[in-house]
Amino acid sequence: MRKNPTPGSIALIAATIVAVVVGISGIIFYGTSIKTLILFLLSFIFGLGAFYFLLDRFIYRKIKLIYKTIHKQKRHKYSVPGGMTHMKGDPISEVRDEVMSWAKDNIEEIEELKKQESYRREFLGNVSHELKTPIFNIQGYIHTLLDGALKDDTVNEKFLLKASGNIERLVELVEDLSAISQLESGELKMKMHRFDIHVLAREVYESVELKAKAKNIFLGFKEGCNGSFYVKADKQKIRQVFTNLVVNAIKYGRENGHVLAGFYDMDKYLLTEISDNGEGIEEVHLPRLFERFYRIDKSRSRGGGGSGLGLAIVKHIIEAHKQTINVRSAPGIGTTFGFTLEKG
């Protein structure tokens, strides 16, 4: 493979050319004598030194400076200890590779910043919409009451109850936003305890029993998953995870369907799965399912209540335990959410 020239090789070639020219001139004037040989050698030696000095001082030192500046900025950006601080071998090739690598990193960074900017705009739009809906509803009910409906016993209590419901939705949204902020910043510390997650699942089932009965959905456990399964985690946060996933399964499950929990040994970890046999989710939606305010069917989801932050909170809680959560689904078959926890 062809290599780029180094200062030494360039100086050697240039000095040789100069020495040959001087040597030919010497032969013309002095013939093949000792003087000609001395002129050839002196021109070669001084030419080699002079060319190397000039190349190194005015070209390669500047290349080294560019290289070190790029390398220093890259190291600072990624906070990687160690690394090359001096050029070795072929400086032109190294600078070329470094510049190409730097350009690639910058392009990727710019693309990532564009994605984040788009995400921020979408997020702000979603927050605005989610806050605006209950606020406008509350405003409408209060203004109606102040305009005279307060004295009408047939509607005043009804309007107050509706306003109260929207206030509760607003409070839920603010609390969920606060929870996500704390989880993302690391302010919310996990209180780790050893507990039986099967018992926790039963408690969650009992707390959402009325929701399940309204759609005649059976809440149970998969075959072989009726024993004790101990994990080490924040029990209240995992209760929140379990409740959110089960309520979602009920909400989007089919009438007369079922929601089943399963527990599977994975060496040092326990895999917990919550499955339903509902309508399922198309594959195109799965990568964004845990994003804040992401809704598959916006009109239906908002009509069914909820802040739109439930799955985002679930993901943050599991990641705060240094574990993973995933989802698999197929339209018409159902959906399964699975997350791991450290065994207790």
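The values are calculated or read from the model by the stated rules, or taken from the named source; none is laboratory data. These numbers come from a predicted model, not from an experiment. Reconstructed Cβ throughout: ideal geometry from the backbone, glycine too, with neighbour counts over all protein chains shown.
Summary of computed values
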{"quantity": "Candidates F229, F221 - the one that is aromatic (F, W, Y), over 23 Å from the mean Cα position of the chain (by Cα) and buried (at least 18 other Cβ atoms within 10 Å of the Cβ)", "calculated": "F229"}
{"quantity": "Segment 136-147 residues that are under 17 Å from L170 (Cβ atoms), paired with ones that are in a helix (DSSP H, G or I) (beta carbon under 7 Å, 6 or more apart)", "calculated": "N137/N166; I138/A163; I138/N166; I138/I167; Y141/F159; Y141/K162; Y141/A163; I142/A163"}
{"quantity": "Residues of segment 294-322 that turn out to be at pLDDT 70 or above, buried (at least 18 other Cβ atoms within 10 Å of the Cβ) and farther than 14 Å from F242 by Cα, as a count", "calculated": "5"}
{"quantity": "Sole exception among (1) among the aliphatic types (A, V, I, L, M); (2) under 18 Å from F337 (Cβ atoms); (3) without any contact (Cβ under 8 Å) to a residue 12 or more places away in the chain for L210, by number", "calculated": "(2)"}
{"quantity": "Residues within segment 212-250 that are closer than 21 Å to G344 by Cβ and not hydrophobic (A, V, I, L, M, F, W, C), tallied", "calculated": "14"}
{"quantity": "Selection from segment 184-198 of residues that are assigned to a helix (DSSP H, G or I) and surrounded by 15 or more Cβ atoms within 10 Å (Cβ to Cβ)", "calculated": "I197, H198"}
{"quantity": "Some residue of segment 171-183 being buried (at least 17 other Cβ atoms within 10 Å of the Cβ) and closer than 20 Å to K343 by Cβ", "calculated": "no"}
